[in-house]
There are 2 protein chains.
Amino acid sequence: MNDTTERDERHQARMVRKKAVMDARIAASADERGLLLVLTGNGKGKSSSGFGMLARALGHGMRCGVVQFIKGRNSTGEEAFFRRFPEEVSFHVMGEGFTWETQDRQRDIAAAESAWAVAKGLLADPAVDFVLLDELNIALKHGYLDVNTVVADLQARPPLQHAIVTGRTARPELLEAADTVSEIGVVKHAFQAGIKAQKGIEW
Amino acid sequence: MNDTTERDERHQARMVRKKAVMDARIAASADERGLLLVLTGNGKGKSSSGFGMLARALGHGMRCGVVQFIKGRNSTGEEAFFRRFPEEVSFHVMGEGFTWETQDRQRDIAAAESAWAVAKGLLADPAVDFVLLDELNIALKHGYLDVNTVVADLQARPPLQHAIVTGRTARPELLEAADTVSEIGVVKHAFQAGIKAQKGIEW
């Protein structure tokens, strides 16, 4: 028996064992339910992951809602793209700009409160299957919204509705309430090398 | 002067300074160029981030290509959704199943090589603005493809073309070549609590 055959057979034996473990875990899992996901950390990919899940949800025929709490630019690729499907996606850009652009805390608070009113409407609607709350963590971090109110509204949503929250520095109360939390770390970033934010990637 | 006004003024002064820093960094950045991004780590959000950037790219009118190196299910939300736009997205699902499903190393290698041939075609085409190589890292990790060949083909792509690579356990050679690398860590995952993979979220 040559080395290649031996390696292939070891591989097969290992994969048979792994399949048994994975099948058992899948069989033991519960049925359909709405998840609360939080994507946080300083790395690139939080909002884009939310928009990728939105695309998946649309692929399954789900009705979706999006609220962007921070409006970084006048127009973004995600807004241009998902506004193509007004019957399927209710898309709301609510923020007034990054906080270092507005420099006005009272205006930021008012914008965050308006955005939360829209979000709360989506979270209360059992016809909505998927809600993306993009950069909500930033509004919570700055204290523009009360975290306990936000968590209570998230927890009161319909049982099959998915909710996704993105943004740096997620509050511990939200992490505690979430089903799945990912922390996205920077290994390196093109911006550090003097490359500006590229369309199709960062916006 | 009351406490709220003081807090608001401190906030404004801080934000004025931050705006100056951010504006200078943006002005110092280079112009448009294609980026190589890698999304790795064990947490949830790598592939979905790639699909979110794909949506952004489509919003900017870019022509896009997708190669999925690992086919986990017969149909996914992302495939169903992005196949709606055949003029804009060239979508290829190449994998034969997770490696613990196939249990056949030679078949996995053949599938990975076929997938790379398709990827290479996209990476050589200056009319393609954005290429997503989903779960390529898995094929590299198992040694199904030669990492130096893959990196060389990535580096030879057109200068304005973006390329996104996803999957756990990215190879160091690929990280070295990348402009931006995010490592997605698990803080918690619904699967650990016995909840099965949910449509619209994981697939």
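To test your reading of the geometry: what angle, between 0 and 90 degrees and rounded to tens, separates the Cα axis of helix A:105-123 from the longest principal axis of chain A?
With rounding to tens, the tilt is 50 degrees.
When the dipole is taken about the Cα centre of the protein assembly as shown, and only Lys, Arg (+1) and Asp, Glu (-1) are charged at their Cβ, what size is it in debye, to the nearest 20?
360
Can you pull the semi-axes for the range B:26-87, root of five times each eigenvalue of the Cα gyration tensor, sorted largest first, whole Å?
Numbers: eigenvalues 126, 61, 17 Å².
So the equivalent ellipsoid measures 25, 17, 9 Å along its semi-axes.
Net charge near B:Thr180: determine it from the other residues with C-beta under 10 Å of the C-beta of B:Thr180, scoring Lys and Arg +1 and Asp and Glu -1. Please report the intermediate quantities before stating the final value.
Details: positive: A:Lys44, A:Lys188; negative: A:Glu202, B:Asp179.
Combined, the nearby Lys, Arg, Asp and Glu give 0.
Hey, what angle do you get for helix A:3-28 against the long axis of chain A, alpha-carbon based, 0 to 90 degrees rounded to 10?
Orientation of helix A:3-28: about 50 degrees from the principal axis.
Let me know the shape class of the range A:139-182, please: from the alpha-carbon gyration tensor, a ≥ b ≥ c as square roots of the eigenvalues, rounded when a/c is under 1.5, otherwise prolate if a/b is greater than b/c, or oblate.
Oblate, since a/c reaches 1.5 and b/c is not below a/b.
Can you tell which of B:His60, A:Ala197, B:Val118 lies farthest toward the positive end of the dipole of the protein assembly as shown, using +1 and -1 charges on the Cβ of basic and acidic side chains (Lys, Arg; Asp, Glu)?
The residue sitting most towards the positive pole is A:Ala197.
I'm a student and want to see the number: the projected area of the Cα convex hull of the protein assembly as shown, averaged over all directions, in nm².
Mean projected area for the protein assembly as shown: 20.0 nm², to one decimal.
Classify the range A:49-203: rounded, prolate or oblate, from the alpha-carbon gyration tensor (a ≥ b ≥ c, eigenvalue square roots; a/c under 1.5 rounded; otherwise prolate if a/b is larger than b/c)?
rounded
Which whole-number percentage describes the relative contact order of chain A, with Cα contacts under 8 Å and a sequence gap of 6 or more?
Normalised by residue count, the contact order of chain A is 33 percent.
Order the peptides B:38-45, B:107-114 from the highest to the lowest mean number of other Cβ atoms within 10 Å of their residues.
Listed from highest to lowest mean packing, they are B:38-45, B:107-114.
Keeping to pairs on different chains or 8 or more places apart, tell me how many lysine pairs in the range B:61-202 have Cα atoms under 23 Å apart.
7
Quick check: net charge around B:Arg84, other residues with Cβ under 12 Å of its Cβ, Lys/Arg +1 and Asp/Glu -1?
Net charge around B:Arg84: -3.
Only Cα pairs within less than 10 Å get springs; with that Gaussian network setup on chain B, which residue of B:Ala13, B:Ala139, B:Ala80 has the largest fluctuation?
Per the Cα network of chain B with a 10 Å cutoff, B:Ala13 tops the list.
Work through the residues other than B:Trp116 whose Cβ is under 12 Å from its Cβ and net out their charges, Lys, Arg +1 and Asp, Glu -1. Before the final figure, lay out each step's value.
Working: positive: B:Lys120; negative: B:Glu113, B:Asp146, B:Asp153.
Combined, the nearby Lys, Arg, Asp and Glu give -2.
As a check on your grasp of the helix formula, calculate [θ] at 222 nm for the protein assembly as shown: sum -39500 (n - 2.57) over DSSP H runs of n ≥ 4, divide by the residue count, round to the nearest 500.
-13500 deg cm²/dmol
Can you list the distances in nanometres, one decimal and ascending, from the B:Gln106 label point to the identical position in each other copy, with the point 7 Å along Cα to Cβ?
7.7
Let's see if you can work this out: charge +1 on each Lys and Arg Cβ, -1 on each Asp and Glu Cβ, no other charges. What is the dipole magnitude of chain A about its Cα centre, in debye to the nearest 20? Present the calculation step by step, with values, prior to reporting the outcome.
Numbers: 26 positive and 27 negative charges, 115 e Å.
That gives a dipole near 560 debye.
With everything on Cα atoms, drop me the angle between helix A:46-59 and the longest principal axis of chain A, reported from 0 to 90° to the nearest 10.
Helix A:46-59 sits at roughly 70 degrees to that axis.
Tell me the distances, shortest first, between B:Glu87 and the same position across the other copies, using label points 7 Å along Cα→Cβ, in nm to one decimal.
Values, ascending and in nm: 1.9.
For the range B:98-200, what does the relative contact order come out to in percent, with C-alpha contacts under 8 Å and a separation of six or more?
27
Could you give, in nm with one decimal, how far B:Gln12 is from each other copy of that position, shortest first, with labels 7 Å out from Cα toward Cβ?
Here B:Gln12 shows inter-copy label distances of 7.5 nm.
Out of the GluC sites (Glu not before Pro) in the range A:27-84, which ones are loop residues according to DSSP with at most 12 other C-beta atoms within 10 Å? Could the numbers behind the result be given before it?
On the way: sites: A:Glu32, A:Glu78, A:Glu79; in loops: A:Glu32.
Of the GluC sites (Glu not before Pro), the ones in loops of the range A:27-84 whose Cβ has at most 12 other Cβ atoms within 10 Å are A:Glu32.
Once you place label points 7 Å from the Cα toward the Cβ at B:Asp31 and B:Gln12, how far apart are they in nm?
3.9
Taking the range B:113-198 as the region of interest, what is the percent of Cα-Cα pairs per 5 angstrom bin, listed from the shortest bin to the one with the maximum distance?
Calculated over all Cα pairs of the range B:113-198, the distribution is 3, 12, 23, 22, 15, 9, 8, 6, 2, 0 percent.
Values in this text are rule-based calculations from the coordinates and carry no lab data. Small disclaimer: the values here were computed from a predicted structure and weren't measured. Using ideal geometry, Cβ is built from the backbone for each residue, glycine included, and neighbour counts are taken over all protein chains shown.
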